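In what follows, a single structure is set out as structure tokens and then discussed.
The values are calculated or read from the model by the stated rules, or taken from the named source; none is laboratory data. It should be emphasised that the depicted structure is a prediction, and the values quoted were computed from it without experimental measurement. Methodologically, a virtual Cβ is constructed for each residue, glycine included, from the backbone with ideal geometry; neighbour enumeration extends over all protein chains shown. When the accessible area is computed, the model is the full protein with side chains, heavy atoms only, and any ligands, DNA or RNA have been set aside. Shrake-Rupley method; radii C 1.70, N 1.55, O 1.52, S 1.80 Å.
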Amino acid sequence: SGVVQNRHAIIGPRESGKSTWNFLILPMWALANGVKKFIAAFASAATQAEAHLLTMRNEMDQNSLLQHDFPELCKPMRRRTGGTVADRGGMIHMANGCIFAAKGMDSALLGMKIGALRPQLLIFDDIEPDEANYSADMAIKRLGTLTDACFPLNFAADVMMVGTVTMPGSIMHQCVKAARGVDVSDWIADERIQCHYYPAI
């Protein structure tokens, strides 16, 4: 297709800093330096994704060093009337033109774009619920949402999937098996996901 895709899945134990790096530090760096202009991030539930976005927004509001070095990143973009373009639970649009959207995996996704700009980076953080609230049938549906609704938001977008295995046969469990060279599921090969597994120490 001529599109160079940079797609990774990182699976590791809880409390190892995966979300902090991939939902805050790296996206903030990319937005601040103009590496990415539009990032869309997903979690299992919208409230979970919006909590990550709130953490990023708080950093922009309270980090004086960030404000000094990247003042336009830390101010919302405003309309001519003075109101903000987007500064709410699920999306921020900052004065430097960058956009960060946060959604649950079951949210309406189709046509997510701002003007002609589509997400350039798709982040998926703990997109599967705990085993008590999950099943094999739900995992199949969640995988369908990932491959049939989320990835097509922009086939050229970079993809970062981060999570912990919550159930045998889950999406993240399939990624672990691929990382260990045990079994590469068709969807992982088809979507060209590079899988990395970091077991607990």
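Summary of values
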| item | result |
| --- | --- |
| Residues with amide H under 5 Å from that of Met91, placed H, sequence gap 5 or more | Ala102 |
| Lys, Arg +1 and Asp, Glu -1 on Cβ, resulting dipole of the chain about Cα centre, debye, nearest 20 | 740 |
| Positive dipole terminus of the chain, leading residue within Val184, Ala139, Pro76 (C-beta point charges) | Pro76 |
| Net +/- balance of residues flanking Gly97 in space, Cβ distance below 13 Å, scoring K and R +1, D and E -1 | +3 |
| Sum of side-chain charges, Asp148 neighbourhood, beta-carbon under 13 Å (Lys, Arg +1; Asp, Glu -1) | 0 |
| Label-point separation, Ala149 to Asp186 (7 Å along Cα→Cβ), nm | 2.2 |
| Probe 1.4 Å, all protein chains present, accessible-area order of Lys141, Lys103, Lys75, Lys18, largest first | Lys141, Lys75, Lys103, Lys18 |
| Dipole of the chain, positive end: most advanced residue of Asn6, Ile171, Cys195 [Cβ charges, Cα centre] | Asn6 |
| Most to least packed among 92-100, 178-186 [average Cβ atoms within 10 Å] | 92-100, 178-186 |
| Area accessible to solvent at Phe70, 1.4 Å probe radius, in Å² | 60 |
| Furthest towards positive pole of dipole, Gln67, Ala30, Thr47, structure part the chain, Cβ charges | Gln67 |
| As computed over the chain, the Cα convex hull volume per residue (Å³) | 133 |
| Rounded to 10°, Cα long-axis angle of helix 46-62 versus longest principal axis of the chain | 40 |
